[in-house]
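Visitor: Attaching a single structure in structure tokens format; questions to follow.
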Amino acid sequence: MDFEFKEHYNVNDLVEIVKKLRAPDGCPWDKVQTHKTIRSDFIEEVYEAVEAIDEDDKEHLREELGDVLLQVVFHSVLETEQNNFTLDDVADDVCQKMILRHPHVFGNVKADTPDEVLKNWDQIKMQSKSQESASEAMKSVSKTLPSLMRSEKLWKKAERGGAAIESTEQAFELVQKELDELKALADENKTDNYGSKLGELLFSIAGLSRFLKTDCERSLYDACDNFIARFQRLETVAEEKGIDIQKCCYEEPDGFLNAISNSEK
């Protein structure tokens, strides 16, 4: 396969590059890949693009978006090889979808607020997917999403289906109920039920996040970073004072936890 070297390339060139890599005389690694073998690569590239967004690093974002685009093109080329669909078909599908779901832009529907747009979007989505109930809409939420993110989406669909908690007070009560039940299991040492009850507690917290106007997944993301920062400061102080953190943790767990909590103050 001939290849034309250029000073600048576009998406069509990327398709040709992937095709050349997949050709019989192409790259030994690329030409044996399948959807499943590069599945995790797709996930990893998306997360790296999200990290670039979080860092507000435009150059890094540009690079990572390119890596995500490569994944889209690669998967499309795999299907083109089987005469199923092309990258143009993928683009056509999403264009059709965007036009259909934005009747307030491409049609005569009125939607002046983001909430009205989302309401229309959900209604059109259910119609286009022939979903007749909220439970069918829930089943359409991807199972591969991070579980907290999936939980939030399920709560939203339950709310729009008319069957969800209705106030912040009820949300707190549900969280407390699940926490109390988990504590009761722990007191009775019913270890077989820990997993399911802990899952229900986390799910209820995702429901609470809606009323607190917070992103549950992002809140935990930030909490992880904050914990690392506090722990790092604690290590610095412990080193300065000649304290063995591991020994402190095992012999005085309450003191260790208080130190973690207070290390940022």
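Visitor: Under 27 Å Cα to Cα from Lys97, which lysines show up? Leave out anything in the same chain fewer than 8 places away.
Guide: Within reach: Lys36, Lys110, Lys119, Lys125, Lys129, Lys139, Lys143, Lys153, Lys156, Lys157.
Visitor: Give, in nm to one decimal, the length gained when the segment between Ser196 and Phe227 is fully stretched (0.36 nm per residue of separation minus the Cα-Cα distance).
Guide: 8.6 nm
Visitor: Right, another one. Lys and Arg at +1, Asp and Glu at -1: add these up for the other residues within a Cβ distance under 14 Å of Gln176 and post the number.
Guide: Taking every other residue near Gln176 into account, the sum is -3.
Visitor: Now for a different question. List the lysines whose Cα sits under 30 Å from the Cα of Lys6, skipping any in the same chain fewer than 8 residues away.
Guide: Lys19, Lys20, Lys31, Lys58
Visitor: Could you work out what % of the accessible surface of segment 1-130 is carbon and sulfur, using a 1.4 angstrom probe and leaving DNA, RNA and ligands out of the count? List each step's numbers first, then the result.
Guide: Values: 5220 of 9450 Å².
Reported share for carbon and sulfur atoms: 55 percent.
Visitor: Computed from the coordinates I sent, percent of Cα pairs over 34 Å apart equals one of (i) 44; (ii) 14; (iii) 19. Tell me the label.
Guide: (i)
Visitor: List the relative contact order of the chain as a percent without decimals, with contacts defined as Cα pairs under 8 Å and 6+ residues apart.
Guide: Contact order relative to length: 9 percent.
Visitor: Mind pulling the angle between the C-alpha long axis of helix 11-22 and the longest principal axis of the chain? Nearest 10 degrees, somewhere in 0 to 90.
Guide: Its long axis makes an angle of about 90 degrees.
Visitor: Same structure again: Grab the Cα-Cα distance for Lys139 and Lys213, subtract it from 0.36 nm times how many residues apart they are, and report the gain in nm with one decimal.
Guide: Length difference between fully extended and current span is 24.2 nm.
Visitor: Separate question: What accessible area per residue comes out for the chain, rounded to a whole number of Å², with a 1.4 Å probe?
Guide: Computed with neighbouring chains in place, this is 71 Å² per residue.
Visitor: So what is the calculated 222 nm ellipticity per residue for the chain, using -39500 (n - 2.57) for each DSSP H run with n of 4 or more, over all residues, to the nearest 500 deg cm²/dmol?
Guide: One gets -23000 deg cm²/dmol as the mean residue ellipticity at 222 nm.
Visitor: Could you order the peptides 214-226, 26-38 from most to least packed, using the average number of other C-beta atoms within 10 Å per residue?
Guide: 214-226, 26-38
Visitor: Turning to a different aspect of this structure: What FRET efficiency do you get for Thr37 and Glu79 if R0 is 22 Å and r is their Cβ-Cβ distance, rounded to the nearest 0.05?
Guide: In this case the efficiency is close to 0.90.
Visitor: Classify segment 37-110 as rounded, prolate or oblate, taking a ≥ b ≥ c as the square roots of the eigenvalues of its Cα gyration tensor: rounded when a/c is under 1.5, otherwise prolate if a/b is larger than b/c and oblate if not.
Guide: The shape class here is oblate.
The values are calculated or read from the model by the stated rules, or taken from the named source; none is laboratory data. Everything numeric in this text was worked out from a predicted model, so none of it was measured. Positions of Cβ are backbone-derived with ideal geometry, glycine not excepted, and every protein chain shown enters the neighbour counts. Note: accessible area is taken over every heavy atom of the protein model, side chains too, but ligands, DNA and RNA are not part of it. Shrake-Rupley method; radii C 1.70, N 1.55, O 1.52, S 1.80 Å.
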